[in-house]
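For reference, the structure is listed below as structure tokens.
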Amino acid sequence: MKRYMHKFMQDPLSWTIIPIITLFFTVFLILPLSFTMYAAFVHNGELNLSAFGTIFNTKKFWDPFPEINDSNFYIQVIAPGDGITTIRIRGLDYGIFLNTIIIGIATTLVSLTLGLTTAFFMARLEFRGKTILSGLLLIPLVIPPFVSGIGYNALLGPSGLLNERFFIPVFGIRLLFQGIVAIVIVQSLHYFTLIYLNIYSSLMNNDPSLEEAAENMGADRLTVARSVTLPLAMPGIASGSILVLILAMEDLGTPIIFANSGDTVAAKTITFYIMQNFFLGENTSEINQITAILGAFLLLFALIGFYAIRKYVSLKQYSMVSKGRSGKFRTVKLGKIGHVLIYVYFTVLLLVSTIPHWGVIIISSTKPQVWPLEFSSENYNKLFDFENGFGQFIYNTIVYSFTATVLIVILATLAGYVANRKKFWGQTLFDTLVTIPIAIPGVVLGIGYFRMFGNSEGFSIGDLFFTLNPIVAPSVLLVISYTIRKFPFTVRAVYAGLQQTDEVLEESAINLGASKSRVLWEIIIPLIIMNIIGGALVSLVYNMSEVSTTLILVSDTSNGTITWKMAQETGKIAELAAMGVFLMVLQVISLLVTNVLLKNRADAISGI
Amino acid sequence: MVELKIEDLHIFYDDFHAVRGINLTVNDGEILTLLGPSGCGKTTILRSIAGFITPRKGRILLGEKDITHVPARLRDSGMIFQNYALWPHMTIEENVTYGLKMRKVPKEERHRKAMAILSQVQLEGQADKTPGQLSGGQQQRVALARALVIEPTILLCDEPLSNLDFQLRVELRTEIRHLTKKLGVTTVYVTHDQSEALAISDTIAVINAGLIEQVGTPLEVFNDPDTLFVANFVGENNQIEGQVTKLEKGLVEVKTEGGDTLTYTNLQDPFMEDTAEEGDRKSAPKLAVGDKVSIVTRYDKIFLDEKATENVLTGTIRNLAYMGTMVQVVLNLNDGSKFTVNVSENLNKVMGMGLGSTVKIHLPESACFLFKDNLRVR
């Protein structure tokens, strides 16, 4: 304590920030997660490991060798007499546990293939329209998987537009993607952009002379790519892939959409199962032990991934080795045939990856079951209707997200400053604490909150501070969970800004007599304000489309958000789509502003 | 081992005419330096030899072979980059053997050759380290080894020492010259540092704004500059502006802007026709009375001399800097312009002169270069 006081006197600003942030993250991140872990092992006050056995002995959870039958198949062709052949592509059901892992890996592989190819084309080929393309490629990013599922169903679902108006009339075929395959498709269309951005920035940040040196030594293009370009882009490839792996496994939005439209295999993912089964009853904060165990596994995967990125990737950060970079990359100028091929590639990629976008836009703005399409504003009129429409939910979403974002801006700026500029014991831990939420599955944190703050027959913190009790008043806890979960985006942006700002600028102010807090206000914040705003906008975007903790914590209509309402009423697809479009518009605006502010530093958006 | 020939080279960056017609020959085993300020086009020329830039016009010949449009990887040149360009994900040995691997040299021989060249650059024990573990000087040695181990037809050096500190620069430039001479490899060396160029080259080509100002041995370029640009870029100089006031057989008289009079021997026949054509840098221009001329003098070839009577300027001492072997005296001339003299004798006496005192500066004819419109008057 004496030592702390001593340090405090020397630098009151930092030594106020460090304990406050640490306490905040301990109470609202570490403790809730510990409650989930506790619930995984302890049942009715006693250590109980039998539930682990239940998981690995029940085919519902663990079925490594599934039987192939009428409802469990890769591909099924049904050709009844009416002339319409139904082709169903589904993927086997390996049980909830394995399904989640398979979805994660498959989505990562598909996203990696698309992302890597796209990044290489964009970084090393010279063709007309590249600038426009680099903008278009961000489009898949502005649709949350949740909305994505709705849009996808609108076009490719059983009675989707593409099937009804194109495949059936033209080919006599009804094409259906279901189960794991459908989830992987929808996720990949969104997540490949994250990998693309990561690899692209790696490729552009390498020193161009490294490739020239290889060429000078006699290596052809393929050898240069294989022996120099790819290994140097490995940090970007690895961090992007692991991030997507984590996000795909903990995605709740996509399974909900498919599950609620009757797809039983899609329902069998860890997140969906937790969401459906964690709640044991009105008067208890006890949670279903099986869901806690599944949550704990999900958390474990995420932590391993996060650790791998931190350790492996930072080990392989090469950018500092050579002194400065020189010149531009030698790009391949495409000829006529090359142009045609590259346009075909990008047209197909963009058409397919915007299927969800077209879906939500079309279905929300046209009259149902009318062909040819006819415009209707009916769904949008309902948006701001507080009585029967979504007004209340839009209002809640905006209040929650903005409040959380304001908190994030204040705390993340201070935390980023301390983590970057101050040397202190436990600094790495502190840094990990404020960035790790990016990897924490929302459902796991959600049930942790529920267990920690909810009603209980025994002790619960919710009894003491009942404004924190999610059953009484979820909004406070919701804002806190938003703040914690989307904190990393802003803190990373601040960190990036500080790394580009020479510390000498602060030292010279201190030398002239300024206090630390004055320096923060008058020197640092003005210098990194663009990074703060950029990071805050990204946090805001993700807050607005937050699904998992919202679904766990909110149980009544008056506190619901847009995403909550969407999950409740998956039947009203057209109205949901209108809300999805509204979310997308908000996101597009925020991302455009972010892009202008952060320029090419797009990795701040996705970086761990 | 071959000679490199560049014929009428023109290179454009979009609309910018970066290299504007260069003709050069680098003899077999010779070290030729492209010397010039940044942005003059010297690196562009080097990169076109390496094959990273395609010229719009002109030819590059390596021996008998026209390599103007040969892909970079097939040119068999070894290049040393300004920032070393060592691959950070490979060990030193992997870096050095990369080129041999591309040439399908068997594994054992690769290893043997790598070890041999690494010992030549005094890096025997470092083969298994990665570039990040080496100092800047060591990294540059690796880059040198990597370029030389393939026994290139031509060695290309792009300001290889500019990221190192002074001591290392001097040490490494000796080493590079020693090694390339020993191997007899034809070398093109790019630098903006005149002392580096003087020390390392057999021949220097001074480049300015995409054109060659002068090609010559270090001695020629330093002691006998063809153009005002070369005189100013190589060596430390004062430049005085003046006007020709009298022109006789055997005598030129110039009145400086400060009002002093300087006289020079006129080697020109005043009745000869002016044969110099525009852009022709070799022919000397012909003087006429009233011509504006520039006079360039080296700091260390002129004297403070109270007894001098001819070719004398007067100046007021503004600063005295003791540099160990000499004193650098900064003066103001009559017209207020700055003028510097390096004095290397009687240093105590010079240091004793007060600031503000007036002195006579003697400019011996042999210490002056006379220029008209950038061209040397001979």
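Does A:VAL313 satisfy the condition of being in contact with a strand residue (DSSP E or B) (Cβ under 8 Å, 6 or more places away or on another chain) and either modelled with pLDDT under 85 or not assigned by TED's automatic domain parsing to the domain that holds A:ILE447 (or both)?
For A:VAL313, the condition - in contact with a strand residue (DSSP E or B) (Cβ under 8 Å, 6 or more places away or on another chain) and either modelled with pLDDT under 85 or not assigned by TED's automatic domain parsing to the domain that holds A:ILE447 (or both) - is not met.
Conditions tested, residue by residue: (1) outside any strand (DSSP E or B); (2) closer than 22 Å to B:GLY336 by Cα; (3) at pLDDT below 85; (4) in the same structural domain as B:ASN332 (by TED's automatic domain parsing).
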{"site": "B:LEU262", "(1), (2), (3), (4)": "no, yes, no, yes"}
{"site": "B:GLY279", "(1), (2), (3), (4)": "yes, no, yes, yes"}
{"site": "B:SER283", "(1), (2), (3), (4)": "yes, no, yes, yes"}
{"site": "B:GLY290", "(1), (2), (3), (4)": "yes, no, no, yes"}
{"site": "B:VAL293", "(1), (2), (3), (4)": "no, yes, no, yes"}
{"site": "B:VAL296", "(1), (2), (3), (4)": "no, yes, no, yes"}
{"site": "B:ASP300", "(1), (2), (3), (4)": "yes, yes, no, yes"}
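Scanning region B:210-228 for residues that are polar (S, T, N, Q) and surrounded by fewer than 23 Cβ atoms within 10 Å (Cβ to Cβ), which turns out farthest from B:LEU24 (Cα to Cα)?
Ranking the qualifying residues of region B:210-228, first place goes to B:ASN223.
Restricted to region A:419-445, and to residues that are farther than 21 Å from A:ALA308 by Cα and at pLDDT below 90, which residue is surrounded by the fewest Cβ atoms within 10 Å (Cβ to Cβ)?
Among those that are farther than 21 Å from A:ALA308 by Cα and at pLDDT below 90, it is A:LYS423.
With the requirement that a residue be assigned to a helix (DSSP H, G or I) and facing chain B (nearest Cβ under 10 Å), what does region A:194-215 give you?
A:PRO208, A:SER209, A:LEU210, A:GLU211, A:GLU212, A:ALA213, A:ALA214, A:GLU215, listed by residue number.
Does A:LEU350 count as assigned by TED's automatic domain parsing to the domain that holds A:LEU156, part of a helix (DSSP H, G or I) and in contact with a helix residue (DSSP H, G or I) (Cβ under 8 Å, 6 or more places away or on another chain)?
Here the answer is yes, as A:LEU350 does meet what is asked.
For the structure I just gave you, tell me whether B:SER119 is surrounded by fewer than 23 Cβ atoms within 10 Å (Cβ to Cβ) and within 15 Å of B:GLN82 (Cα to Cα).
Answer is no for this residue.
Taking region A:512-563 only, how many residues are modelled with pLDDT of 85 or more and of a type in the set (Lys, Arg)?
1
Every residue in region A:149-193 that is in contact with a strand residue (DSSP E or B) (Cβ under 7 Å, 6 or more places away or on another chain), within 18 Å of A:ALA577 (Cβ to Cβ) and part of a helix (DSSP H, G or I), please.
A:LEU156, A:ASN163
Looking at region B:28-50, which of the residues that are charged (D, E, K, R) and more than 18 Å from A:SER209 (Cα to Cα) is surrounded by the most Cβ atoms within 10 Å (Cβ to Cβ)?
Filtering first and then ranking leaves B:GLU30.
Could you identify the single residue in B:LEU164, B:LEU168, B:LEU156 that is in contact with a helix residue (DSSP H, G or I) (Cβ under 6 Å, 6 or more places away or on another chain) and assigned to a loop (DSSP other than H, G, I, E, B)?
B:LEU164
Take B:ARG141 and decide whether it is free of Cβ contacts under 8 Å to residues at least 60 places away in the same chain and closer than 15 Å to B:LEU35 by Cβ.
Criteria not met by B:ARG141.
Within region A:332-381, track down each residue that is among the small types (Gly, Ala, Ser) and over 24 Å from A:PRO140 (Cα atoms).
A:GLY335, A:GLY338, A:SER376, A:SER377
Being surrounded by fewer than 24 Cβ atoms within 10 Å (Cβ to Cβ) and in a helix (DSSP H, G or I) is the filter here; which residues of region A:216-227 pass it?
A:ARG221, A:LEU222, A:THR223, A:VAL224, A:ALA225, A:ARG226, A:SER227, listed by residue number.
Between A:ILE102, A:ILE132, which is in the same structural domain as A:TYR196 (by TED's automatic domain parsing) and at pLDDT below 90?
Unique residue meeting the criteria: A:ILE132.
Kindly indicate whether any position in region B:8-21 is in the same structural domain as B:ALA114 (by TED's automatic domain parsing), surrounded by fewer than 17 Cβ atoms within 10 Å (Cβ to Cβ), at pLDDT below 90 and in a loop (DSSP other than H, G, I, E, B).
Checked region B:8-21: at least one residue is in the same structural domain as B:ALA114 (by TED's automatic domain parsing), surrounded by fewer than 17 Cβ atoms within 10 Å (Cβ to Cβ), at pLDDT below 90 and in a loop (DSSP other than H, G, I, E, B).
Which numbered condition in (1) surrounded by fewer than 17 Cβ atoms within 10 Å (Cβ to Cβ); (2) outside any helix (DSSP H, G or I) is the only one that B:SER195 fails?
So B:SER195 meets the others, but not (2).
Does at least one position in region A:88-97 carry a residue that is assigned to a helix (DSSP H, G or I), touching a Ser or Thr at 6+ places or on another chain (Cβ under 9 Å) and in the same structural domain as A:MET204 (by TED's automatic domain parsing)?
Yes, the conditions are met somewhere in region A:88-97.
Please tell me if B:LYS101 is more than 19 Å from A:PRO231 (Cα to Cα) and among the basic types (Lys, Arg).
no
B:ALA143: within 17 Å of B:HIS178 (Cβ to Cβ), modelled with pLDDT of 90 or more and surrounded by fewer than 19 Cβ atoms within 10 Å (Cβ to Cβ), yes or no?
So B:ALA143 fails the test.
Keeping to region A:123-147, report how many residues are assigned to a helix (DSSP H, G or I) and either of a type in the set (Phe, Trp, Tyr) or more than 21 Å from the chain's Cα centre (by Cα) (or both).
Result for region A:123-147: 7.
Residues that are facing chain A (nearest Cβ under 9 Å): find the helices (runs of 4 or more DSSP H) completely inside region B:32-121 holding 1 or more of those.
B:42-50, B:92-102
The values are calculated or read from the model by the stated rules, or taken from the named source; none is laboratory data. Everything quoted here is computed from the prediction, not taken from an experiment. Backbone-built Cβ (ideal geometry, glycine too); neighbour counts: all protein chains shown.
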